[in-house]
Protein chains: 4
Amino acid sequence: MVIIMRAGAAESSIQEVIRAIEYNGLSGKVMEGEFQTIIGVIGDREKMCCLNVESLEGVEKAVSISKSYKLVSREYHPQPTVIDIGGIKIGDGNLVAIAGPCAVESKEQIMQAADIVKSGGAQFLRGGAYKPRTSPYSFQGLEELGLKYLAEAGERTGLKIVSEVTEVENVNKVAEYVDVLQIGARNMQNFRLLKEVGRQNKPVLLKRGISATIDEWLNAAEYIMSEGNERIILCERGIRSYEEYTRNTLDLSAVAAVKHLSHLPIIVDPSHGTGKWRMVKPMAFAAVAAGADGLMMEMHPDPAKALSDGPQSLTPEHYRDIMDGVSRLAAFLQESGLAIRDIG
Amino acid sequence: MVIIMRAGAAESSIQEVIRAIEYNGLSGKVMEGEFQTIIGVIGDREKMCCLNVESLEGVEKAVSISKSYKLVSREYHPQPTVIDIGGIKIGDGNLVAIAGPCAVESKEQIMQAADIVKSGGAQFLRGGAYKPRTSPYSFQGLEELGLKYLAEAGERTGLKIVSEVTEVENVNKVAEYVDVLQIGARNMQNFRLLKEVGRQNKPVLLKRGISATIDEWLNAAEYIMSEGNERIILCERGIRSYEEYTRNTLDLSAVAAVKHLSHLPIIVDPSHGTGKWRMVKPMAFAAVAAGADGLMMEMHPDPAKALSDGPQSLTPEHYRDIMDGVSRLAAFLQESGLAIRDIG
Amino acid sequence: MVIIMRAGAAESSIQEVIRAIEYNGLSGKVMEGEFQTIIGVIGDREKMCCLNVESLEGVEKAVSISKSYKLVSREYHPQPTVIDIGGIKIGDGNLVAIAGPCAVESKEQIMQAADIVKSGGAQFLRGGAYKPRTSPYSFQGLEELGLKYLAEAGERTGLKIVSEVTEVENVNKVAEYVDVLQIGARNMQNFRLLKEVGRQNKPVLLKRGISATIDEWLNAAEYIMSEGNERIILCERGIRSYEEYTRNTLDLSAVAAVKHLSHLPIIVDPSHGTGKWRMVKPMAFAAVAAGADGLMMEMHPDPAKALSDGPQSLTPEHYRDIMDGVSRLAAFLQESGLAIRDIG
Amino acid sequence: MVIIMRAGAAESSIQEVIRAIEYNGLSGKVMEGEFQTIIGVIGDREKMCCLNVESLEGVEKAVSISKSYKLVSREYHPQPTVIDIGGIKIGDGNLVAIAGPCAVESKEQIMQAADIVKSGGAQFLRGGAYKPRTSPYSFQGLEELGLKYLAEAGERTGLKIVSEVTEVENVNKVAEYVDVLQIGARNMQNFRLLKEVGRQNKPVLLKRGISATIDEWLNAAEYIMSEGNERIILCERGIRSYEEYTRNTLDLSAVAAVKHLSHLPIIVDPSHGTGKWRMVKPMAFAAVAAGADGLMMEMHPDPAKALSDGPQSLTPEHYRDIMDGVSRLAAFLQESGLAIRDIG
């Protein structure tokens, strides 16, 4: 931490700041500049969390310079983490794909979807059984019944299942049926839920919060990992900006940022990330080229009849076309040595 | 809902859209414009949630025009709601104030804080017992012990107690000790938690999510009210913007927006809203002048030693000065007939 | 400036950074932390602008800690600046008001508007003669003819005139007719235009850019002042955020920020700041309570017929009602000693 | 345009709105919904600009549904525009690259840069002679001398020259020396400047404003095209968001949006778009895969000594590596039929 004093701050104010630093078991080094004095704070990162000097006389501001996360950082674990889910690896350089409808609507719908997902080449089937919806009057999901259909679809097709946990109470139930527990954007800072999935023996797909900084997102992953679960996949899914044309602004630079700051694998969801099915293909291609470890896409056997998120769902034809494209693109990148795995 | 067709969309595409509308139990009226055809959708609001036509051929976009919330809307309940909490009224035109430290740190600290809060004239004591923190290594709160201290402070001073619920499991416990259940910004779309507090017999203070639109916020209140709890106080606490000087951007226009769109009372938190204690006074004054029903402010007996959010905590002296100012300002506004209660 | 090295950066990398610092005529002090080394850079602020070390090996990031503006800063000029415009003072604690239509549409319209503005008690008449419009097909202003009408309206009523300059070529022409040169939000970083008005002998009203940080805004004012013109009035007019209910998000905390960081007066435009006439009154009240030195409001004799920005224009009745309210509020604040002039 | 009346609006209010519509030479169709009446407005797009009904009694809001630009829209010109600059084509499916330093600093620097740019395979050399800088104390460019150096570098290497025009007065001068006139982000809504370059016989590179919506950006292009200049290249360069890790948030979905809405070519600037040289490669790859027609990158012979924007400048080695990668990627996409040219 670096503390910047106001121009002309009194010597007594500086001494007061030093006392506060030392009171917290840290030490401070004073550096006098042309215009302002700055004080560097040295010592235990966790003690710095509790150092609040901005309300002291003469302090302009305090700037935190070290990261607040540790286990998920690249410094702590320099090699990329590879996650093995029943033989399918994420983070090893091969592209994985997760596809399926936003919500499980019926047995027929999810079985049909699973067959299409399988035929297109994705390894994972997604589908929401518990749906967090902005309005209480929107469709809220089939709950456990939806999980059963998912599991059945997984058994029939061999696809691994990804589904969202929305609250602590349903974590165990969801974990019974699925292969990967998804934390949705709205729950990225539901810390109790993060801790709960941190104690499960299932990989976690952690979506970025709708207005989360990369730092907050990695701290959310730190919550999970600090409980013991090291199998975390990050998922960029668009952030909220002023632009209204797209539903969210897909931040593909997050792929590069995560690969620089962390060892965890990262995938991209161009469906939620744009909110428009027309944009899924170009953004899926872009994500692969940027070095994403995988893709998550919404596909519905009949998008116009989807009970949620229709405008961003692909038709089966679009889905197969995109899968064909990204597979060939990923293969080319690997063979040509152009694949981006690491940003040093 | 209004559906806008692309320029030159075929008649068959228009018919297909009409079929989708009717399939959902709604009816559509076609209106041909100079450049584009638009289709107005008429019928049950809840059915419209499930109408997804954007992936149909020829559709440019669909614009939702009616609100998705009902019980919290002014149309449904034209008179302002007044909430009575043990004789203290919120929303009746008098200003209420909630003050106290971010977190309960010790019995001594909260007792000392309560005495100061009381002496300054606020009616409510706040203090976090369960703290949602970005980093797992930050101080997380005293939990039930903190609640006990709060309750004791309440008994001694007669102050009503406000404290945050962070998860479904602790709702009952918090409700035992406090007078008002607070939903924090990070949980504004924790729908399960909203439903849970919706079933409690305690008023709820619902903070605006850090990047929530006013529409999403009112929908979150709708979740609570649709479970039967009508005693909801909204709290504007700053939104995330690109500006880095302040921690958040306090959106005081939300006070006017809420008073136009809803019947619920709204208070303002200038401490979290700015992240800087120097700005609390001017923003508290502004909130009162804009018509806020109350204020929520962070005050710590010794801000430099606060275990969380120190930079935005007031000293006891600043707190008393602000309380004196807002009381006189509120009295003037009422007596002079300038107080803004309603935005028609 | 503070340079933060990556954890584990080599000693040779640190030496390389020091060499780059010294090469630029600055000096560096190394401070070794628990995890990371940081290097404080000391010396001439202007030389630091040219120091680019982030692409050097081992550098994580460089954080600028001193302000890049000087003349407009409070440190440079501790007392608030008071600007005298033909006897009307801005920044002396009295509230000033600027009102009028968005655009000058006809002689009749501006004369009628001027009479209403005068009768409501504002000291300044505003009206655009040169209009920057998003679409080339929107009404672009009456140009010089509009200026003539404004000047005539000023003569008749004694109101001072404020009008926008949109390009270097029309600065002299506008300056002939008006009392205050307005720089609009879109031109806040039109540096050539800033320099041009910096050489004029007329006060400048500098609107905040639609996504400008407070730092960038003060730097824009620095451009003007560094050319010699010290009579600058800042105007907060709403920033772009994700919220769609209001046209912009009025950032009233900017009033407090500017009063802390600078000596310049600041006024608030609640009309553009919200885009909704219903919100002008509550936000005008809030601005006054927050310590704004003045208000700028759109008023049109017949808003439904306005050629631009109708939705945010007040009717004459609303305007007079608001002026009555803010005058009484401002008088109360001054008499009671509650007026906020300074944020130390 | 669609006008939404408040629930329960009186019949007389509806009639009043109809009168206002007809007064403007347009016609209105009333559609009664379950909760609200909506009125569709039909007629000339330009007349709608002047229709302001939101301040009328009973009107909730007015929603504009047709685009305000025409010449740049895909409806107007369904085929992609290909721009020929001395034999180099932009928009024909081949990737072009523009590279060079942020600012021209000296003859030696720009000659050295040009040789490297050429050797890496880019077709265009960029370099700023007139620099818009946030602080008046930052380096502002070599002005005409810089243009001369650029032209000389162009002659020696055969590279086409791109340089920024910052004000109307220097358009002719810049046009004398360069092949493409660049409009920077800060000037995207400098409408007078847009019109001026619209009258030049040189192609224009129009950067997206830092907080411009896609709609505003296309309207800015419309300003240029409505003056007769049809050779416009759009350039996505990152938008302002709340994220602080990157300097801007590169919005690659803008590539897809522009290809859907317009016929103009679009290139991407990953250097400004991220502000970090480490991210240029992954984002350049992503842009190409998303279908961008070209790239613009900052490269400096010695980034640590750059007088501006050092942190985002590539070294010559990084530049050549990226050029090698994007060329191979673009070739693969074309040969395999995976290149995205059009989003229908």
All-but-one check, B:ARG240 against (1) open to solvent by less than 10 Å² (accessible area, probe 1.4 Å); (2) within 17 Å of B:ARG186 (Cβ to Cβ); (3) facing chain A (nearest Cβ under 9 Å), failing number (1)
Of all residues in region A:282-298, which are of a type in the set (A, V, I, L, M, F, W, C) and either part of a helix (DSSP H, G or I) or surrounded by fewer than 24 Cβ atoms within 10 Å (Cβ to Cβ) (or both)? A:MET283, A:ALA284, A:PHE285, A:ALA286, A:ALA287, A:VAL288, A:ALA289, A:ALA290
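I'd like the residue in region B:148-169 that is modelled with pLDDT of 95 or more and charged (D, E, K, R) and, out of all such residues, is nearest to A:MET188 (Cα to Cα).
Residues of region B:148-169 modelled with pLDDT of 95 or more: B:148-165.
Checking the rest, the ones that are also charged (D, E, K, R) come to B:148, B:152, B:155-156, B:160, B:164.
Values: B:LYS148: 30, B:GLU152: 34, B:GLU155: 37, B:ARG156: 39, B:LYS160: 32, B:GLU164: 18 Å.
Within region B:148-169, the match that is nearest to A:MET188 (Cα to Cα) is B:GLU164.
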Assuming A:ALA256 fulfils every condition listed in (1) hydrophobic (A, V, I, L, M, F, W, C); (2) farther than 17 Å from A:PHE285 by Cβ; (3) crowded, with 24+ Cβ neighbours inside 10 Å; (4) at the interface with another protein chain (Cβ under 9 Å from one of its Cβ atoms) apart from one, which condition is it? (2)
So which pairs qualify, if the first residue must be in region A:157-168 and within 20 Å of A:ILE90 (Cα to Cα), the second must be surrounded by fewer than 24 Cβ atoms within 10 Å (Cβ to Cβ) and among the hydroxyl-bearing types (Ser, Thr, Tyr), the Cβ gap must be under 7 Å, and the two must be at least 6 apart or on different chains? A:ILE161/A:TYR177
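Can you name every residue in region B:7-57 that is of a type in the set (D, E, K, R), open to solvent by 50 Å² or more (accessible area, probe 1.4 Å) and within 30 Å of D:TYR69 (Cβ to Cβ)? Lay out the reasoning, then the answer.
Initial filter on region B:7-57 (of a type in the set (D, E, K, R)): B:11, B:16, B:19, B:22, B:29, B:32, B:34, B:44-47, B:54, B:57.
Going one step further and asking which of them are open to solvent by 50 Å² or more (accessible area, probe 1.4 Å), we end up with B:11, B:16, B:19, B:22, B:29, B:32, B:34, B:44-47, B:57.
Listed by number, the residues that qualify are B:GLU11, B:GLU16, B:LYS29, B:GLU32, B:GLU34, B:GLU57.
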Flagged pairs (Cβ under 6 angstrom, 6 or more apart or on separate chains; first in region D:41-59, among the polar types (S, T, N, Q) and at pLDDT below 75; second open to solvent by 20 Å² or more (accessible area, probe 1.4 Å) and in a loop (DSSP other than H, G, I, E, B)) are none
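I'd like the residue in region A:189-209 that is aliphatic (A, V, I, L, M) and surrounded by 24 or more Cβ atoms within 10 Å (Cβ to Cβ) and, out of all such residues, is farthest from the other protein chains (Cβ to nearest Cβ).
Pass one, region A:189-209, residues aliphatic (A, V, I, L, M): A:193-194, A:197, A:204-206.
Still in the list and also surrounded by 24 or more Cβ atoms within 10 Å (Cβ to Cβ): A:193-194, A:197, A:205-206.
Details: A:LEU193: 8, A:LEU194: 8, A:VAL197: 13, A:LEU205: 19, A:LEU206: 14 Å.
If we take residues in region A:189-209 being aliphatic (A, V, I, L, M) and surrounded by 24 or more Cβ atoms within 10 Å (Cβ to Cβ), then A:LEU205 is farthest from the other protein chains (Cβ to nearest Cβ).
Considering each residue of region A:20-38, count those that are in a loop (DSSP other than H, G, I, E, B) and at negative phi, and give that number. First the steps, then the outcome.
Filtering region A:20-38 for residues in a loop (DSSP other than H, G, I, E, B) gives A:24-26, A:33-36.
Applying the additional criterion that residues be at negative phi yields A:24, A:26, A:33-36.
Final tally of qualifying residues: 6.
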State all residues of region C:59-75 that are open to solvent by 30 Å² or more (accessible area, probe 1.4 Å) and under 19 Å from the mean Cα position of the chain (by Cα); if no residue qualifies, say none. C:LYS67, C:SER68, C:LYS70, C:LEU71, C:ARG74
Number of the condition not met by D:VAL17 [criteria: (1) among the β-branched types (Val, Ile, Thr); (2) outside any helix (DSSP H, G or I); (3) touching a Leu at 6+ places or on another chain (Cβ under 7 Å)]: (2)
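I need a count of the residues in region C:210-237 that are β-branched (Val, Ile, Thr) and within 13 Å of chain D (Cβ to nearest Cβ). It would help to see each step written out before you state the result.
First pass over region C:210-237, keeping only residues β-branched (Val, Ile, Thr): C:210, C:213-214, C:224, C:232-233.
With within 13 Å of chain D (Cβ to nearest Cβ) added as a condition, the list becomes C:210, C:213-214, C:224.
Matching residues across region C:210-237 total 4.
Return the total of residues in region C:53-102 being within 14 Å of chain D (Cβ to nearest Cβ) and in contact with a His (Cβ under 9 Å, 6 or more places away or on another chain).
Initial filter on region C:53-102 (within 14 Å of chain D (Cβ to nearest Cβ)): C:53-64, C:66-73, C:76, C:101-102.
After this cut, where a residue has to be in contact with a His (Cβ under 9 Å, 6 or more places away or on another chain) as well, the list is C:55, C:71-73, C:76, C:101-102.
Qualifying residue count for the region: 7.
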D:MET225 meets each of (1) open to solvent by 10 Å² or more (accessible area, probe 1.4 Å); (2) more than 21 Å from D:ASN190 (Cα to Cα); (3) aliphatic (A, V, I, L, M) with one exception, condition (2)
Quick check on region D:99-109: of everything there that is farther than 19 Å from D:GLU317 by Cβ and of a type outside the set (Lys, Arg), which residue is farthest from the chain's Cα centre (by Cα)? D:GLU108
If you go through region A:262-281, how many residues are away from every other protein chain (no Cβ under 11 Å), buried (at least 24 other Cβ atoms within 10 Å of the Cβ) and over 13 Å from A:CYS102 (Cα atoms)? 5
Condition set open to solvent by 40 Å² or more (accessible area, probe 1.4 Å) and touching a strand residue (DSSP E or B) at 6+ places or on another chain (Cβ under 7 Å), scope region A:122-157, selection farthest from the other protein chains (Cβ to nearest Cβ): answer is A:GLN123
If you scan region A:301-344, which residues turn out to be more than 7 Å from every other protein chain (Cβ to nearest Cβ), open to solvent by less than 10 Å² (accessible area, probe 1.4 Å) and assigned to a loop (DSSP other than H, G, I, E, B)? A:SER308
Pairs with Cβ under 6 Å, 6+ apart, first in region B:82-110 and in contact (Cβ under 8 Å) with a residue 40 or more places away in the chain and open to solvent by less than 10 Å² (accessible area, probe 1.4 Å), second of a type in the set (Val, Ile, Thr) and assigned to a loop (DSSP other than H, G, I, E, B): B:GLY91/B:THR81; B:GLY91/B:VAL82; B:ILE110/B:VAL104
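The values are calculated or read from the model by the stated rules, or taken from the named source; none is laboratory data. For clarity, every value in this text was computed on a predicted model and none was experimentally measured. Note that we place each Cβ from the backbone using ideal geometry, even for glycine, and neighbour counts take in every protein chain shown. We work out accessible area using only protein heavy atoms, side chains counted, and drop any ligands, DNA or RNA first. Shrake-Rupley method; radii C 1.70, N 1.55, O 1.52, S 1.80 Å.
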